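The values are calculated or read from the model by the stated rules, or taken from the named source; none is laboratory data. As the structure is a prediction and not an experimental result, all values here were calculated from the model. Ideal geometry is used to build each Cβ from the backbone, glycine not excepted, and the neighbour counts take in all protein chains shown. For accessibility, only protein heavy atoms count, side chains too; no ligands or nucleic acids. Shrake-Rupley method; radii C 1.70, N 1.55, O 1.52, S 1.80 Å.
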Amino acid sequence: MKKNRFSILVLLLLFIFFSTFVVQGEEFRLPDISLEIGTGTEESQGEDLVLSLRILLLLTVLSLAPAILIMLTSFTRIIVVFSLMRSAMATSNMPPNQILIGLALFLTIFTMAPVWQEINTEAIQPYLAEEINTEVMYERGLAPIREFMFKQTREKDLALFVELADLPRPSNKDEVPTYVLIPAFIISELKTAFQIGFMIYIPFLMIDMIVASILMSMGMLMLPPVMISIPFKILLFILVDGWSLVIETLINTF
């Protein structure tokens with residue numbers, strides 16, 4: 001068996017060796033392959049450059065889209081309030097994270113729709129129509145987002161990051177850099193979300209205290225109060241139409 005394999009291998013090598021010299025009476029050579037960069041006209045090169053820059057800009061925006069959606073919109077406040085509400089009700093993973101994130105995402109689209117429509121009208125459509133260049137498109141597109149963030153940012157938080165950045169005190173909004181505005185907006189959103197969450201916690205905390213007092217007075221020390229209070233919390237949330245109340249409060253804060 002080994003001899004047969006060796007013979008086949010030798011014949012294969014001989015075949016490859018002779019085929020490199022003669023194939024149908026002619027010398028066998030590998031085809032020549034050359035790579036060249038085409039030289040087009042200046043107009044075509046300019047169009048290719050613009051197309052490449054557009055693709056690069058699109059890829060950059062897509063790579064930053066999750067961070068922009070989470071940190072520069074109303075998403076942060078909404079998802080934090082939903083998380084605090086679920087913790088106050090002590091329902092662990094109900095509703096699931098996927099439901100809360102999906103609801104927060106669509107509420108974000110709802111609240112940010114006027115801003116995005118303005119960006120599309122003032123920046124994206126003129127740029128696609130080649131009426132403005134990339135720099136003007138960037139400035140026009142950033143202006144509505146900055147205006148939205150300024151409305152939701154506390155002056156104290158903005159002053160904090162201006163001081164941390166060692167910048168002179170700005171006299172108007174245009175003098176505030178975007179890299180200073182963004183963190184100020186984020187911590188303002190977190191503070192607002194925790195304030196709303198505190199107000200949500202109070203009625204559920206009262207139910208926990210009442211249930212715990214009743215169980216202690218009855219001598220049921222081994223029975224966890226949470227097991228008894230959760231149905232009453234859910235009942236209270238249903239009676240006051242909690243989802244509509246929380247969502248209405250959130251939307252009105254913007």
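So, with +1 on the Cβ of K and R and -1 on the Cβ of D and E, and no other charges, what is the size of the charge dipole of region 158-213 about its Cα centre, to the nearest 20 debye? Write down the numbers at each step before the final one.
Numbers: 3 positive and 6 negative charges, 23 e Å.
Using only the charged Cβ atoms, the result is roughly 120 debye.
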Any chance you could look up the accessible area of Glu135 with a 1.4 Å probe, heavy atoms only, rounded to 10 Å²?
120
Compare the Cα positions of Leu142, Leu235, Asn252 along the charge dipole of region 138-254 (+1 at Cβ of Lys, Arg; -1 at Cβ of Asp, Glu; about the Cα centre) and return the one farthest towards the positive end.
Leu235
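Relative contact order of region 86-155: what whole-number percent is it, with Cα pairs under 8 angstrom and at least 6 residues apart?
Computed value for region 86-155: 23 percent relative contact order.
Which FRET efficiency value, to the nearest 0.05, do you get for Ile55 and Glu163 by plugging their Cβ-Cβ distance into 1/(1 + (r/R0)^6) with R0 = 41 Å?
On the way: r = 40 Å, r/R0 = 0.98.
My answer for the efficiency is 0.55.
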What does the accessible area of Met216 come to, in Å² to the nearest 10, when a probe of 1.4 Å is used?
130
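Would you please put 195-203, 236-244 in order of how densely packed they are, using the mean number of other Cβ atoms within 10 angstrom per residue and starting with the highest? Before the final figure, lay out the partial values.
Details: 195-203: 14.9, 236-244: 12.8.
Per-residue mean Cβ counts within 10 Å order the peptides as 195-203, 236-244.
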